[in-house]
1. Taking the criterion of being modelled with pLDDT under 80, open to solvent by 80 Å² or more (accessible area, probe 1.4 Å) and assigned to a loop (DSSP other than H, G, I, E, B), would at least one residue in region 73-87 satisfy it?
2. Give region 88-104 a look and list any residue that's assigned to a loop (DSSP other than H, G, I, E, B) and either modelled with pLDDT under 85 or under 16 Å from Gly48 (Cα atoms) (or both), or say none.
3. Among all residue pairs at least 6 apart or on different chains, which show Cβ distances below 8 Å where the first residue, located in region 154-170, is farther than 18 Å from Val182 by Cβ and the second is in a helix (DSSP H, G or I)?
4. Taking the condition of being closer than 11 Å to Leu89 by Cβ and modelled with pLDDT of 75 or more, how many residues in region 25-37 meet it?
5. Would you be able to say whether some residue in region 138-146 is polar (S, T, N, Q) and exposed (fewer than 13 other Cβ atoms within 10 Å of the Cβ)?
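The values are calculated or read from the model by the stated rules, or taken from the named source; none is laboratory data. Computed from a predicted structure; not experimentally measured. Note that we place each Cβ from the backbone using ideal geometry, even for glycine, and neighbour counts take in every protein chain shown. Remember, those area values only see protein heavy atoms, side chains included, never the ligands or the DNA or RNA. Shrake-Rupley method; radii C 1.70, N 1.55, O 1.52, S 1.80 Å.
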Amino acid sequence: MLPVMKLGYVFALAAVATSTSSRTKPDFATIVTSRDVSDNSYDFIIAGGGVSGLTVADRLTENPSGMSRSELQETNQANRDGQNAVNVLVIEAGPFDKGENTVLVPGDFFPVPYMWIPLLSVPQPGLNNRVFNAKIGKVVGGGSVINGMVFVRPQKEELADWTELGATGWDWDSLLPYYKKVSSLPR
């Protein structure tokens, strides 16, 4: 059994996977209780509701059918009853942010309420074995909530260096569509 009672929040995402090529983001997620979790089964369980965990959940539950939100919800409920939906559980120890200015306004930065404190690094030999606070988000959205809304793409030349080192598919032209996707807001 999952130690859900010790975690702050648990939520699940569910969507329908079909075979058309048009892909859109899932339109809904459900916040669930520990009882909901124990009463349901999940195809995937993701530990951590930070950027990476939520991105994986999003990709696993994308709506490739092009259905409207209401059509998707109706179909999803029908499929859930028949157990054909992709059900993903994301477990996050932290809360949802409250939409305060320190989260939403660039530069109005006070991440402390949403950080793992104290979470220290291992001793750093190159720095006289000092330890440092690890700035890790303990909130749905993880580090993206505590980063002051700063995101910097690497330079084209930096990615060319990766390619030169053997990182096939990590060049500027291959990654640009994903940078654009992550930089746009859903409608």
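1. Yes; the residues of region 73-87 include at least one that is modelled with pLDDT under 80, open to solvent by 80 Å² or more (accessible area, probe 1.4 Å) and assigned to a loop (DSSP other than H, G, I, E, B).
2. The answer is Ala93, Gly94, Pro95, Phe96, Asp97.
3. Listed by first residue and then by second, the contacts come to Ala160/Trp172.
4. Just the residues of region 25-37 that are closer than 11 Å to Leu89 by Cβ, to begin with: 29-30, 32, 36-37.
The next check asks that each one be modelled with pLDDT of 75 or more; those that pass are 30, 32, 36-37.
Residues flagged as closer than 11 Å to Leu89 by Cβ and modelled with pLDDT of 75 or more within region 25-37 amount to 4.
5. In the first step, residues of region 138-146 are kept if they are polar (S, T, N, Q); the result is 144.
Restricting the remaining residues to those that are exposed (fewer than 13 other Cβ atoms within 10 Å of the Cβ) gives none.
Taking every residue of region 138-146 in turn, none turns out to be polar (S, T, N, Q) and exposed (fewer than 13 other Cβ atoms within 10 Å of the Cβ).
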